[in-house]
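The values are calculated or read from the model by the stated rules, or taken from the named source; none is laboratory data. Quantities reported herein were computed from a predicted structural model and do not represent experimental measurements. Neighbour counts are summed over all protein chains in view; Cβ atoms, including those assigned to glycine, are modelled from backbone coordinates with ideal geometry. Ligands, DNA and RNA are excluded from the accessible area calculation, which covers all protein heavy atoms including side chains. Shrake-Rupley method; radii C 1.70, N 1.55, O 1.52, S 1.80 Å.
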Amino acid sequence: MPEITSESKKLTVRKGPARIPENPRAVFSDSLVVSHFFNAMSLLFPRGEEFFIDSVRKFADRTPAELKDEVKAFIGQEAMHGKVHRSWNNNTQEKGYDVRTVAELMEKVLGNFDRLDFIHPALGLSMTAALEHVTATQSAWFLRHPEFVGRLEESARDITLWHSCEEIEHRHVAFDLLKAVDDGYALRIGGHLLGQVLLWGSAFYGMGLILSQEKSASLAEMVADLRRNLPGLAEFTKNNIVQFFEYFRPDFHPEDDDSRPLARAYLAEKKIA
Ligand SMILES: [Fe+2]
Ligand SMILES: [Fe+2]
């Protein structure tokens, strides 16, 4: 495992990109279906990241002193991600797709999550730690596959890669807090499984909702579009599956595979401080 110094772990809360993709149908070049995959993923971020913030705040009084600054920066970064993706989502709504039910569904589930406290009060934190592993490893995949992200429209690419870098930077925060609160294996895996069901359930619901309102292409055209883009999507899916199983390792830690150099290289290239 590469050495991670406290300096390299330092988290920076940055102002996100100001521009958002104007045309929801052209987020990803030559693919309406992949464009709507990114639009659907964007729909999950504002409420999902608010949930992440609440789940770490809930344990403010049990946060180890050495983790406090990182938790604070984690909250700052996630709040900024939510803000930028909210603008993206508002544009999707304004351009004629009624996506409000995604936010409503997420509110119903995540807004009432504390009702599951009887299972374990840190179940939400465990889910956050697991979903942070998903976002960090998807982020590393994006940075390692410029041929894929290169097909994103410029503002969508700027948002995706800025968000990716910060997900990589703070990948350990919720996990380390969970370990400090309760490092039980069953709790960690319970959050992992529940998180995966909620994440992919809402992602496919969002994508189905957008595609069902799409008037610019027939079902046959969308199937052909999907088939054309299957190789890239299959690689992305394979990475998700490998990382899903990786999380089951009893000695797993988010920093086992450190992708910070990728994030640092991108931020330096883009001159983002
Ligand atoms: Fe985020
Ligand atoms: Fe995150």
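Ordering of 33-46, 221-234 by packing is 33-46, 221-234, highest average first (other Cβ atoms within 10 Å, averaged per residue). Normalised per residue, the accessible area of region 113-227 is 39 Å², obtained with a 1.4 Å probe and no contribution from ligands, DNA or RNA. Placing unit charges on the Cβ atoms only, positive for Lys and Arg and negative for Asp and Glu, gives region 32-269 a dipole magnitude near 500 debye about its Cα centre.
Taking every pair of Cα atoms in the chain, average 1/r, invert it to obtain the Kirkwood radius, and report Rg/Rh to two decimals.
Details: Rg = 18.2 Å, Rh = 19.1 Å.
Reported Rg/Rh, Kirkwood definition of Rh: 0.95.
The accessible surface of the chain, taken with every protein chain in place and a 1.4 Å probe, is 59 percent carbon and sulfur. Taken over the chain, lysine pairs spaced eight or more positions apart, or on distinct chains, with alpha carbons under 17 Å apart number 14. Solvent-free Debye calculation, one equal scatterer per alpha-carbon of region 223-273: log10 I(q)/I(0) at 0.29 Å⁻¹ equals -1.00.
From helices alone, the chain scores -22000 deg cm²/dmol at 222 nm; the rule is -39500 (n - 2.57) for each run of n ≥ 4 DSSP H residues, then divide by the residue total.
Only one residue of Leu198, Ala186, Phe142 has its Cα farthest out toward the positive end of the dipole of region 32-269, where Lys and Arg carry +1 and Asp and Glu -1 on Cβ, and that residue is Leu198.
May I ask you to list the trypsin sites (Lys or Arg not before Pro) in region 1-110 that are in a DSSP loop and have at most 11 other Cβ atoms within 10 Å of their Cβ? Present the calculation step by step, with values, prior to reporting the outcome.
Details: sites: Lys9, Lys10, Arg14, Lys15, Arg19, Arg25, Arg47, Arg57, Lys58, Arg62, Lys68, Lys72, Lys83, Arg86, Lys95, Arg100, Lys108; in loops: Lys10, Arg14, Lys15, Arg19, Lys58, Lys95.
Loop-located and lightly packed - Lys10, Lys15.
How do 239-252, 156-169, 186-199 rank on mean C-beta neighbours within 10 Å, highest first? Present the calculation step by step, with values, prior to reporting the outcome.
Details: 239-252: 12.5, 156-169: 23.6, 186-199: 18.0.
Highest-to-lowest ranking by the protection proxy: 156-169, 186-199, 239-252.
Counting every Cα pair in region 147-187, what percent are over 14 Å apart? Don't jump to the answer; show the numbers that get you there.
Values: 502 of 820 pairs.
Everything past 14 Å amounts to 61 percent.
The label-point distance for Asp117 and Lys15, in a model that sets each label 7 Å from Cα toward Cβ, rounds to 3.9 nm.
Working note: Karplus 6.51/-1.76/1.60 with θ = phi - 60° gives region 177-191 the couplings 5, 4, 4, 6, 7, 6, 9, x, 5, 4, 5, 4, 6, x, x Hz, where Gly and Pro are set to x.
Residue-wise HN-Hα couplings along region 198-215, as the Karplus relation 6.51 cos²θ - 1.76 cosθ + 1.60 with θ = phi - 60° gives them from phi, are 5, 5, 6, x, 6, 5, 6, 4, x, 5, x, 4, 5, 4, 5, 9, 6, 9 Hz; Gly and Pro carry x. Along its principal axes, region 177-273 has C-alpha extents of 51, 39, 23 angstrom, given from the largest down.
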